[in-house]
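The structure appears right after this line, and notes come after that.
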2 protein chains.
Amino acid sequence: MSEQATRAGRRGRAARTEKRRESQTATGTPYISRGIPITDFLSDEGAEIIEANADRILEEVGIEFHDDPETLEIWRQAGADVTGTRVRFPKGLPRSLLATAPARFTQHARNPARNVEIGGNNLVFAPVYGPPFVTDLDEGRRYGTIEDFRNFVKLAYASPHLHHSGGTVCEPVDLPVNKRHFDMVYSHLKYSDKPFMGSVTAPERAEDSVEMARLVFGREFVDANCVMIQLINANSPLVFDATMLGALKVYARANQACIVSPFILAGAMSPVTVAGTLAQVLAEALVGCALTQLVRPGAPVVFGAFVSSISMQSGAPTFGSPEGSLLLNGAAKLARRAGLPFRSGGSFTSSKTPDGQSAQESAQTILATVLSGVNFCLHAAGWLEGGLCSSYEKFVMDADQLGMMHVLAKGIDLSEEAQAMDALHEVGPGGHFLGAAHTQRNFESAFYRSAIADNNSYEQWSADGGLDAAQRANQKWKQMLAAYTPPELDPAIDEALIAFMTRRKSEFPDSNV
Amino acid sequence: MSEQATRAGRRGRAARTEKRRESQTATGTPYISRGIPITDFLSDEGAEIIEANADRILEEVGIEFHDDPETLEIWRQAGADVTGTRVRFPKGLPRSLLATAPARFTQHARNPARNVEIGGNNLVFAPVYGPPFVTDLDEGRRYGTIEDFRNFVKLAYASPHLHHSGGTVCEPVDLPVNKRHFDMVYSHLKYSDKPFMGSVTAPERAEDSVEMARLVFGREFVDANCVMIQLINANSPLVFDATMLGALKVYARANQACIVSPFILAGAMSPVTVAGTLAQVLAEALVGCALTQLVRPGAPVVFGAFVSSISMQSGAPTFGSPEGSLLLNGAAKLARRAGLPFRSGGSFTSSKTPDGQSAQESAQTILATVLSGVNFCLHAAGWLEGGLCSSYEKFVMDADQLGMMHVLAKGIDLSEEAQAMDALHEVGPGGHFLGAAHTQRNFESAFYRSAIADNNSYEQWSADGGLDAAQRANQKWKQMLAAYTPPELDPAIDEALIAFMTRRKSEFPDSNV
């Protein structure tokens, strides 16, 4: 097959995809559009102090770019002061480069009913990212496999409260490191039609990810539109490494979105204070985001902040802490002032099991996420052990909480129907509202119905087996996987993806590096 | 002993109490003074709609006052339209009566270092109130006893994150209903020196409670100052019963604080919508609060709202729901606009066990409590089963969360030390902040240290027994009770309290009504 024929084939598939897009309908909300105002802990004056400090860090201390002469050259040409691997930035340079970055953009899904709007007043929930381990109540904790990976993709697809298929929902440790990205990207495209994330573990794996997206969406469409979003972590403090920089450049050149996220445990990788950490977060994010615009002006980019604290007793990471919420909230404001979409938060916990600690820490973080105006929320479901483990039970417990966040984010309905004055007149003192006409009219839409909570009496609950939330969640995810039916995928596209993977996998030996 | 001699004795004791007040020092913060702005989901225009609806409810539907001719006469004289037990209110009357109510007031504790400021930007945490059952992991669920009651008083005293001893921390079901109030009030005074709540289950029990406070604080002091706060529930929808009205009048006449709280499960006791429920909450609270001012202008009063939703599947109460958070937040704004301190929230759950559901629901509610500007938070620790059960493990898990709320409510420190620019210059790219001079200087004050969370590695956690949060909490409350030492209590006051209780108990037969 010639390259021309291949292209024609792709165009044909892309056209069919386009047609199918129109015919499919989504279940669930494609993303949250917030109806509540943003909760802002940082004043404008406070933000100005942090911004001035970030400028000073960039000018006086600078950022290191390791093992990547090309990036150093890009910065030199942009007017930065490059000495060895250290780059210092004239005041205002990184921020001025962000002028070309979109304040919001659409990430296209292969089912367009599931396209997400990233930025503005919107919030997108994506699942857990990165854990090498998985756990469930039946089999306990073990290394993740590609089967686990597919299961989490299926659970995210089946949950109406997750908007995104995510990326490394767990590491498929049973596959070679240098080839597992093919199977991960394929799983997202095959078992879900929600938007997804590409590989960032090496520039060539990023290229492979983009190539697979082109097989599905068409080359021209991918060049003109965002169909993938990727997680680029700074190596905090104040360092970007070649792996992340390489992936960033691949995706930015392909017009695909990068989330540039400092990954910071305050006290270890940043100062032990919120204000000090925020200045560092801003410095790192500004520079990483600005780099995407130097690579391709107008490429979609997201200001990210993965920030938590450490235990001052043990140095271990802590999650769901009040300092974490303050950091998240402050960073959100800094991102808004930079004119960029913001990624942060999730259902974080350092607990090893889906217990009370896990739920408390996750609830604190996810509520801070929703109230602070986060636009893209990774790790929204499934996280345990500080991100080392994807939990099946935690996944569905978190997804249930995300459903509640949808209701909260809508805010208070003040329509005449919601004011319910007819009900108040009908029922009157001492009456009961369940039978009121207004209640009956609004019965179906009234009040979020949890899939996990048990609201029954103690006696009923005991008679039902006295299960705790994790045990009920264990039943729930099995039901969801049993009921899973895959979204339609054009067989020609499926074949092309498999052919591409087979060919590429044969071109180099397996390796676990 | 003559009444004169008794009074002299009381004055002497009061003077000694005063002296001891100065010498004692408190551990923990006496209450929270918020450094973060209030999160407001309801716009001013939205609040005006709700207020107009509440006015219409009061004018067109009215409120019933059952079995209490005195209260009906009070309203008649105030200018309301009284027909049978139904009272309708000219537009603006209840609100105008609130002009004499203080916007904030001090509740005095017998240790003045533990006085709390109720209103303004302050938040006071009080423990669980009302459950007939108690539970712990060792003995399971059973009826509460006076020993359990004392234990919860001791735990609240020992926790630096609870500001208040509360009221019915559990029902001491082993004591006769008509006499247990003596032992409850005595336990608060004996085993704690934090502020407390009096009995509301009958007017004469309210009188007894006030009398015991007079023995501790002195008669004149009590008449001039708030030393007790009491929970007065409306019998929603739109009814107040004689028991609650009787207690309200006793406390208001004694210049002691009433929390007038509609107790509402939306969908059953109010409309199935947030906006409709808020109008009813406002109508009920305005009228109950206004009544205190008719009884004694200037008496301290708190606008309360205990509002949650019901399950539309089963009709069972649900807690930690997004609708509950919206209701809490909206009611807080209405209370602020009425110029009154606000009571709501707590660590609510309908779970039967301190599991993930319990923690999620409690975290959602307590965070809404802190962010919405609640001034007095009952049920802040220990609640299970929709308030039917006080849990030892949940108590210490919740108290740990309250500690985190103290940190969150402080907000972001923008002092020069917190900006940490010296650390950022000292450490630089790729460095580690733990050893930095700034980190060492701020080590002790940095980051909340949880008493419950396990942040260790999976391996360490497993080696430590693989306990979940509830199991660790089980160890924690036993340690706290073992380490408990009672606050000093003047033996003369102790004797007077015991003599009073002994005499009063002998004056009427035991009864379980």
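The values are calculated or read from the model by the stated rules, or taken from the named source; none is laboratory data. These numbers were taken from a predicted model, which means no experiment stands behind them. Cβ placement follows ideal geometry from the backbone for every residue including glycine, while neighbour counts extend to all protein chains displayed. Side chains included, ligands, DNA and RNA excluded: accessible areas come from the protein's heavy atoms. Shrake-Rupley method; radii C 1.70, N 1.55, O 1.52, S 1.80 Å.
Quick notes on this structure:
- Within segment B:382-397, considering residues that are among the aliphatic types (A, V, I, L, M) and within 13 Å of residue B:133 (Cα to Cα), the one surrounded by the fewest Cβ atoms within 10 Å (Cβ to Cβ): B:388
- Qualifying residue in segment B:425-441 (condition: within 19 Å of residue A:273 (Cβ to Cβ), of a type in the set (Phe, Trp, Tyr) and open to solvent by 30 Å² or more (accessible area, probe 1.4 Å)): no
- Applying a threshold of 6 Å to beta carbon distances and a minimum spacing of six or more residues, or different chains, the list of pairs starting in segment B:408-427 at a residue that is touching a residue at least 12 places away in the same chain (Cβ under 8 Å) and at the interface with another protein chain (Cβ under 7 Å from one of its Cβ atoms) and ending at one that is assigned to a loop (DSSP other than H, G, I, E, B) and hydroxyl-bearing (Ser, Thr, Tyr) reads B:420/A:273.
- The single residue among A:364, A:360 that is within 12 Å of chain B (Cβ to nearest Cβ) and farther than 28 Å from residue B:415 by Cα turns out to be A:360.
- Boolean, residue A:465 is outside any helix (DSSP H, G or I), on the phi < 0 side of the Ramachandran plot and more than 7 Å from chain B (Cβ to nearest Cβ): no
- Residue check for residue A:298: open to solvent by 10 Å² or more (accessible area, probe 1.4 Å) and more than 10 Å from every other protein chain (Cβ to nearest Cβ): yes
- Taking segment B:106-131 as the range and being farther than 20 Å from residue B:383 by Cβ and in a strand (DSSP E or B) as the test, the residues that pass are B:106, B:107, B:116, B:117, B:118, B:119, B:122.
- Tally of residues being away from chain B (no Cβ under 14 Å), outside any loop (DSSP other than H, G, I, E, B) and closer than 18 Å to residue A:474 by Cα across segment A:132-167: 13
- Test: residue in segment B:445-459 that is more than 8 Å from chain A (Cβ to nearest Cβ), closer than 23 Å to residue A:265 by Cα and either buried (at least 19 other Cβ atoms within 10 Å of the Cβ) or in contact (Cβ under 8 Å) with a residue 40 or more places away in the chain (or both): yes
- Within segment A:468-479, tally of residues that are facing another protein chain (nearest Cβ under 7 Å) and assigned to a helix (DSSP H, G or I): 2
- Of all residues in segment B:329-366, those satisfying the criterion of being farther than 23 Å from residue A:456 by Cα and among the aliphatic types (A, V, I, L, M) are B:331, B:332, B:334, B:335, B:338, B:340.
- Qualifying position, being at pLDDT 95 or above and out of contact with any Ser or Thr (no Cβ under 9 Å at 6 or more places or on another chain), among A:343, A:336: A:336
- When each of B:239, B:200 is tested for being under 27 Å from residue B:282 (Cβ atoms) and within 14 Å of chain A (Cβ to nearest Cβ), the lone residue that passes is B:239.
- Residue B:233 being within 16 Å of the chain's Cα centre (by Cα) and surrounded by fewer than 24 Cβ atoms within 10 Å (Cβ to Cβ): yes
- Qualifying residue in segment B:191-202 (condition: touching a residue at least 12 places away in the same chain (Cβ under 8 Å), within 30 Å of residue B:87 (Cβ to Cβ) and assigned to a helix (DSSP H, G or I)): no
- Every residue from segment B:250-291 that is open to solvent by 10 Å² or more (accessible area, probe 1.4 Å) and part of a helix (DSSP H, G or I): B:250, B:253, B:274
- Matching option when the condition is more than 25 Å from the chain's Cα centre (by Cα), at pLDDT below 95, over 27 Å from residue A:246 (Cβ atoms) and open to solvent by 40 Å² or more (accessible area, probe 1.4 Å), among A:22, A:3: A:22
- A search for C-beta distances below 8 Å between a residue of segment A:158-182 that is on the phi < 0 side of the Ramachandran plot and of a type in the set (Lys, Arg) and any residue that is at pLDDT 95 or above and surrounded by fewer than 21 Cβ atoms within 10 Å (Cβ to Cβ), counting only pairs 6+ apart in sequence or on different chains, returns A:179/A:505; A:179/A:510; A:180/A:146.
- Test: residue in segment B:156-167 that is at pLDDT 95 or above, in contact with a Ser or Thr (Cβ under 9 Å, 6 or more places away or on another chain) and of a type in the set (S, T, N, Q): yes
- Filtering segment A:333-350 to residues that are under 21 Å from residue A:162 (Cβ atoms) and touching a helix residue (DSSP H, G or I) at 6+ places or on another chain (Cβ under 7 Å) leaves A:342, A:344, A:345, A:346, A:347, A:348, A:349.
- Check on residue B:309, open to solvent by 10 Å² or more (accessible area, probe 1.4 Å), among the polar types (S, T, N, Q) and facing chain A (nearest Cβ under 10 Å): no
- Identity of the residue in segment A:203-249, of a type in the set (S, T, N, Q) and assigned to a helix (DSSP H, G or I), that ends up nearest to residue A:156 (Cα to Cα): A:209
- Yes/no for residue B:247 being within 14 Å of chain A (Cβ to nearest Cβ), at pLDDT 95 or above and farther than 18 Å from residue B:341 by Cβ: no
So that you can scan it fast, the table gives a plain yes or no per residue for (1) of a type in the set (D, E, K, R); (2) open to solvent by less than 10 Å² (accessible area, probe 1.4 Å):
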position: B:93; (1), (2): no, no
position: B:102; (1), (2): no, no
position: B:113; (1), (2): no, no
position: B:127; (1), (2): no, yes
position: B:133; (1), (2): no, no
position: B:141; (1), (2): yes, no
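- Residue B:315 meets all of the listed conditions (1) part of a helix (DSSP H, G or I); (2) surrounded by fewer than 23 Cβ atoms within 10 Å (Cβ to Cβ) but one, namely (1).
- Of residues in segment B:337-363 being assigned to a helix (DSSP H, G or I) and free of Cβ contacts under 8 Å to residues at least 40 places away in the same chain, the one farthest from residue B:269 (Cα to Cα): B:356
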